[in-house]
Amino acid sequence: MTTLVAGGSGFLGRNLSRALLARGETVRALHYRPVPPFEAPGLTWTRFGLGEPADWPALLEGVSLLYHLAWSTLPQASHEDPVSDAANITGTLAMLEAVRRTPVGRVVFISSGGTVYGAVPSGSALEDHPKAPLSPYGVSKLATEQYLEFYARQWGVQSVIARLSNPFGPDQELGRNFGVVATFVAQALEGQPCIIYGDGKVERDFLYVDDAIAALVAAGTHEKASGVYNIGSGEGRSIADVVGAIGASIGRKLAVVHAPARPFDPPRTVLNAARAEAELGWRPQISFATGLQRVIDAYRDDPKPR
């Protein structure tokens, strides 16, 4: 089977591509970097930007499964420039217009469980929880979900939507105001203070990357997968708790600098992934403590991972 991974050079895309190759699949990955991040048998790369014209018929030829992870913004960038963020929607529509004219079997869209719901004041959000995004990033992710549902109704494009919580792992990029676990670990090991926006009580649902990738593989390959799935640990953990856990793991209290709170950060988001467990047979296997230690060990070995 040939699988197309749009956004293959990002943190999740790299890990997903490796997992698909390990399953014996042929992978066609799209990347935005000057050079591809790695090479492997069975893997081909094509330079691609979601907001740029693309030869979709050629890219989709022979493809049975499409993973859509390509996105040009993060929550902060979307807050600063909502118009540019909206280009992600039009780029996705160009992709879907081509998909509906091909025999691609399924599209898996990686949405954002951390932003589409907005605040989850208590408990954990099920898929039908009210949607109140606090950033254009969350709005455009939600709009893309709705376009996928429209294409399914109108033209029979089969899609699965994975609302992912906050993935973390050793291979995460630094310096983008994104990926707080990896960023704090790197800052701690370099003797720099951890920058916390607000009072540190913002609560997130952290999911180790291997568990996230296992869920995405299931979303693409399970014969009964359909509709929307939350993909998260179901556990909330504050940013201050993350700092404390890192300090405990490396054996010293970390220096902290507080910056003003950001308006696009929901105060609390925790996901209920019961539907993914019931229908896909997926549930997290790696605890936060185990995942954190893997990140610390990896950054000690390679302080500047690619």
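FYI, it's all coordinate maths here, none of it is from the lab. Quantities reported herein were computed from a predicted structural model and do not represent experimental measurements. Note: ideal-geometry Cβ built from the backbone for every residue, glycine included; neighbour counts use all protein chains shown.
Measuring from a point 7 Å past the Cα of SER287 along Cα-to-C-beta, which residues in the stretch 212-237 have an amide N at less than 17 Å?
233-237
At R0 = 22 Å, how high is the FRET efficiency between GLU223 and ALA278 if r is their beta carbon distance? Nearest 0.05 is fine.
The computed FRET efficiency comes out at 0.90.
Assuming R0 = 41 Å, can you tell me the calculated FRET efficiency for the pair THR2 and ASP297, based on Cβ-Cβ distance, to the nearest 0.05?
Computed FRET efficiency for THR2 and ASP297: 0.70.
Using the Karplus equation 6.51 cos²θ - 1.76 cosθ + 1.60 (θ = phi - 60°), what ³J(HN,Hα) coupling, rounded to whole Hz, does each residue of the stretch 167-174 give in order, writing x for Gly and Pro?
Each residue of the stretch 167-174 in turn: x, 9, x, x, 9, 7, 5, 10 Hz.
Calculated FRET efficiency, GLN146 and VAL83, Cβ-Cβ r, R0 22 Å, to nearest 0.05?
Calculated value: 0.65.
Would you mind counting up the charge near LEU60? Only other residues with Cβ under 13 Å from its Cβ, with Lys and Arg at +1 and Asp and Glu at -1. Write down the numbers at each step before the final one.
Numbers: positive: ARG28, ARG100, ARG101, ARG106; negative: ASP55, GLU61, GLU97.
Here the count lands on +1.
What ³J(HN,Hα) values, in whole Hz, does the Karplus curve 6.51 cos²θ - 1.76 cosθ + 1.60 give for the stretch 187-199 when θ = phi - 60°, with x put for Gly and Pro?
Computed from phi, the couplings for the stretch 187-199 are 5, 5, 5, 8, x, 9, x, 7, 8, 10, 8, x, 8 Hz.
Taking the simple approach of a point 7 Å from Cα along Cα-to-Cβ for both ALA58 and LYS131, what is their distance in nm?
Taking the simple label geometry, ALA58 and LYS131 are separated by 3.4 nm.
Farthest toward the dipole's positive end in the stretch 55-144, which of VAL107, GLY91, VAL120, given Cβ charges of +1 (Lys, Arg) and -1 (Asp, Glu) about the Cα centre?
Highest projection toward the positive end goes to VAL107.
Excluding residues on the same chain fewer than 8 positions from LYS253, give the aspartates and glutamates whose Cα lies under 13 Å from its Cα.
ASP241
Quick one: which of 204-211, 221-228, 76-83 comes out on top by average Cβ neighbours within 10 Å, and what's the full order, highest first?
204-211, 76-83, 221-228
How much length is gained if the chain between ARG18 and HIS258 is pulled fully straight, taking 0.36 nm per residue apart and subtracting their Cα-Cα distance, in nm to one decimal?
Going from the current span to full extension adds 82.7 nm.
Rounding to the nearest 20 debye, state how big the charge dipole of the chain is about its Cα centre with +1 on each Lys and Arg Cβ and -1 on each Asp and Glu Cβ.
Values: 28 positive and 30 negative charges, 31 e Å.
Result for the chain is approximately 140 debye, rounded to the nearest 20.
Measure nothing but the geometry: give the 0 to 90° angle between the long axis through the Cα atoms of 288-301 and the longest principal axis through the Cα atoms of the chain, rounded to 10°.
90
How do 144-154, 257-267, 59-69 rank on mean C-beta neighbours within 10 Å, highest first? All intermediate terms of the calculation are to be shown ahead of the outcome.
Working: 144-154: 15.9, 257-267: 13.7, 59-69: 20.2.
Packing proxy ranking, top to bottom: 59-69, 144-154, 257-267.
Does anyone have the angle between helix 11-22 and the longest principal axis of the chain? Alpha-carbon axes, 0 to 90°, nearest 10?
So the helix axis and the longest Cα principal axis differ by about 60 degrees.
Ranking LYS201, LYS131 by Cβ neighbours within 10 Å, fewest first, what do you get?
LYS201, LYS131
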